[in-house]
Amino acid sequence: MFVNKKKLEEQISTTLYDLTHLEINTIIKDEMSASKAPASPRLLLHNLAGKYDQKLVSMGDKYSHYFGASNQANDENLFRGFRVKDGSGYESFKELSDRAKEAGLLLKASKERGLLPEDQIDADIMMLKRIETISNDVRRILIMDGVDPVKDDPVKNATFNFDEKESIEKFRIMTSREADTYELNLDLRQLLVIKKANDIGTEKVVLQTVIGMDGDVTTRISKAFADQPVTFINTIHQDAIGISVDFWKTLINVVVKLGTHIIGLLNPKG
Amino acid sequence: MKNRYLQALKAYKELIHSGGIQSTAEGENVFLDIRGNITGDILLFIVPKNKIAADGIDIVELIRSDKTLERERKVVIESFKQKFRGLSLLPESFVWVLGVFFSILYTYWNFDSILTLFSGKSGISGILSLLPLLLLSVITPLLGKYFGFNLLKPILSIISLINRLVRLIRNRKVEESQG
C-alpha cells in the first residue's frame, strides 16, 4: 500500500514536472537518416540501444591511442569493448549504463591526471553521462509493473528474451496482432521519454532552453557553440521558444476561460 | 475559420500517426527539421546535406554560406506555428462550447436577478453578492498557471485511445488480408 502510494506520488510529481516545463533543444546532426523512426516502442528502444553502443565504441576508438587497444577482458576499457547483451531489454540497458559509467570515470580520472587533451573531453564526459542517465531511465520504465508483458508472463518469458537480438528479429517479422501481445504497454509520458531519447540519440545539443511555469528560464549552451556562435542558430532557437511559449499561453488561456465559466456558474444566486 | 479547422484536422492526424508534429525545409547546404509534441517541447535539428565527419566540412561554414537558409527558416517556422495553432484549436473550441452551455445555465438559474439588474433596482447587497465572483476571477488565472496543463491530460488520453483504436482496426485488416 505504502509502495503504491509512493509510486503514485512519484508519477504525479514527474507528470506535473513534464506538464509545467517546456524544453526546446537545438541539435546539430552529423547526417540525415533516410529511414523513419519505428512506431513500435520495442523497436524504438532497440534503435536507441544500437545508437548508444555505437557511440561507446566510437568514443573508445577515439581514446584508444591513450588507453591502448580494445580488450574485453579489461573492465576499465569496457566502453570500447564487446557488447554482451545485444538486445534492448532491461539487462541490455544495464550493460550500456555500466559501460558509460565506467568510461566516464576513466575519462575523468585521466583528465585529472593530465593524460588526455582538454578539448572535447568535457563534451565526451557529458555524452557518457547522458547515455548512463537515459539508460537508467529506460530500465526504470521497463521494470515497472504491467509495462513489459514478457516479464509478467512465464510462458512468454521462457521463449522470448529481449536482451538478445534474436528475439528482436523474431518480433520484427511478427504479424501486427501477434506483435501487439509482446509490445510494451507504455503510457503517453513514458512513450514521450523514449521517443525523445531516440530522437536526440547521441547528437550534439548546441542550445537547450528549459522554461518552468514558476518563471525560471534556463539556457544551456555547448562550449563549442559558445566559442563560435552562429546568429542563424540563435535566431531559429528563439523562434522555436516563441512558438512553444505561445502554445503554452493559449492552453493556459483556455483553462482560465474554463475556470471563469465554472466559477460564474457556481456563483451564488444574487 | 474553415482553414483553421482543416489545419487542426491535419495537425491532429499527424499527431495520431507519428506521436508528434514535424516541419522540414531544405536549404542549399543544410536541412532544417523541427519536431514538437503535445506538451509544447520542441526539438530542432540542423543537418548538413553531406556527412560532416567524412568530408571534414564545418557545419558553421555550411550554414554561413547557405544563401537560401534565411528564407527557408521563415517558411519552416511559419508552417510549424500553423500546426501548433491547429493543435490548440480543439481545447479552445471545447471551452467555447462549454462556455455557451454554462452561460445558458447561468441565465436560466439567475433570470430574476438579471431582470432586477437591468431594471436598475440593484442595491449594495446586490453588488456585494457579486464580490465572490470578482475575487474568484482574479484567483483563477493564478491557479490556472499551476494546474493549467492538467487540462491536456484528458486530451492526451483521447489521442492515445484513438491511436489504440486505429492500431486495432489496422491490425484486424492485416489479419483479414492474411486470411
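For A:ASP216, what accessible area in Å² do you get when you roll a 1.4 Å probe over the heavy atoms of the protein chains, rounding to the nearest 10?
Surface accessible to solvent at A:ASP216 totals approximately 100 Å².
Out of the total accessible area of the range A:118-172 (probe 1.4 Å, heavy atoms of protein only), what percent is carbon and sulfur? Before the final figure, lay out the partial values.
On the way: 1600 of 3010 Å².
Its accessible area is 53 percent carbon and sulfur atoms.
Averaged over B:10-19, how many beta carbons belonging to a partner chain fall within 10 Å of each residue's beta carbon?
Details: counts 0, 0, 0, 0, 0, 0, 0, 1, 4, 7.
So the per-residue partner count for this stretch is 1.
Please report the buried accessible area for the interface of A with B, total over both chains, probe 1.4 Å, in Å² to the nearest 100. Walk me through the numbers before you get to the answer.
On the way: alone 17420 and 14200 Å², together 25240 Å².
Its buried surface, counting both partners, is about 6400 Å².
For A:LEU106, B:LEU6, B:LEU105, give me the order by solvent-accessible area with a 1.4 Å probe, most accessible first, ignoring ligands, DNA and RNA. Provide the component values of the computation, followed by the final result.
Numbers: A:LEU106 20, B:LEU6 90, B:LEU105 45 Å².
Largest accessible area first, the list is B:LEU6, B:LEU105, A:LEU106.
Structure shown: which of A:LYS249/B:LYS13; A:LYS51/A:LYS129; A:LYS51/A:LYS94 lie over 18 Å apart, alpha-carbon to alpha-carbon?
On the way: A:LYS249/B:LYS13 23 Å; A:LYS51/A:LYS129 15 Å; A:LYS51/A:LYS94 15 Å.
As for pairs spanning more than 18 Å Cα to Cα, those are A:LYS249/B:LYS13.
Residue by residue through the range A:183-193, which ³J(HN,Hα) values in whole Hz follow from phi under the Karplus form 6.51 cos²θ - 1.76 cosθ + 1.60 (θ = phi - 60°), with glycine and proline marked x?
Ordered by residue, 3J(HN,Hα) equals 5, 6, 9, 9, 7, 4, 5, 5, 5, 5, 4 Hz.
When the expected Rg is taken as 2.2 N^0.38 Å, what fraction or multiple of it is the alpha-carbon Rg of the range A:77-161?
Working: Rg = 16.3 Å, N = 85, 2.2 N^0.38 = 11.9 Å.
Against the empirical 2.2 N^0.38 Å value, I get 1.37 for the range A:77-161.
On average over all directions, what projected area in square nanometres does the range A:85-239 have, based on the convex hull of its Cα atoms? Don't skip to the end; give the middle numbers.
Numbers: hull surface 52.2 nm².
Its Cα hull, projected and averaged over all orientations, spans 13.1 nm².
Go from 0 up to the bin containing the longest alpha carbon distance in the range A:115-160, width 10 Å each, and give me the % of pairs per bin.
23, 28, 21, 15, 11, 1
Please calculate how many Å² of accessible area the range A:194-241 carries per residue, with a 1.4 Å probe and no DNA, RNA or ligand atoms counted.
On the way: 2270 Å² over 48 residues.
Value returned for the range A:194-241: 47 Å² of accessible area per residue.
What does the structure give for B:77-88 when I average, per residue, the other chain Cβ atoms found within 10 Å of the residue Cβ?
Numbers: counts 6, 2, 0, 3, 6, 0, 2, 6, 4, 0, 3, 8.
So the per-residue partner count for this stretch is 3.
Give the ranking of A:THR235, B:THR24 by solvent-accessible surface, highest area first, calculated with a 1.4 Å probe. Can you show the working numbers first?
Values: A:THR235 45, B:THR24 90 Å².
Ranking A:THR235, B:THR24 by accessible area, largest first, yields B:THR24, A:THR235.
Within the set of other residues whose C-beta is less than 11 Å from the C-beta of B:ARG35, count the net charge using Lys and Arg as +1 and Asp and Glu as -1.
Details: positive: A:LYS195, A:LYS196, B:LYS83; negative: A:ASP199, B:GLU14, B:ASP33, B:ASP41.
Charge balance near B:ARG35 sits at -1.
The values are calculated or read from the model by the stated rules, or taken from the named source; none is laboratory data. This is a predicted model, so every value here is computed, not measured. Reconstructed Cβ throughout: ideal geometry from the backbone, glycine too, with neighbour counts over all protein chains shown. The accessibility values were calculated without ligands, DNA or RNA, using every heavy atom of the protein model including side chains. Shrake-Rupley method; radii C 1.70, N 1.55, O 1.52, S 1.80 Å.
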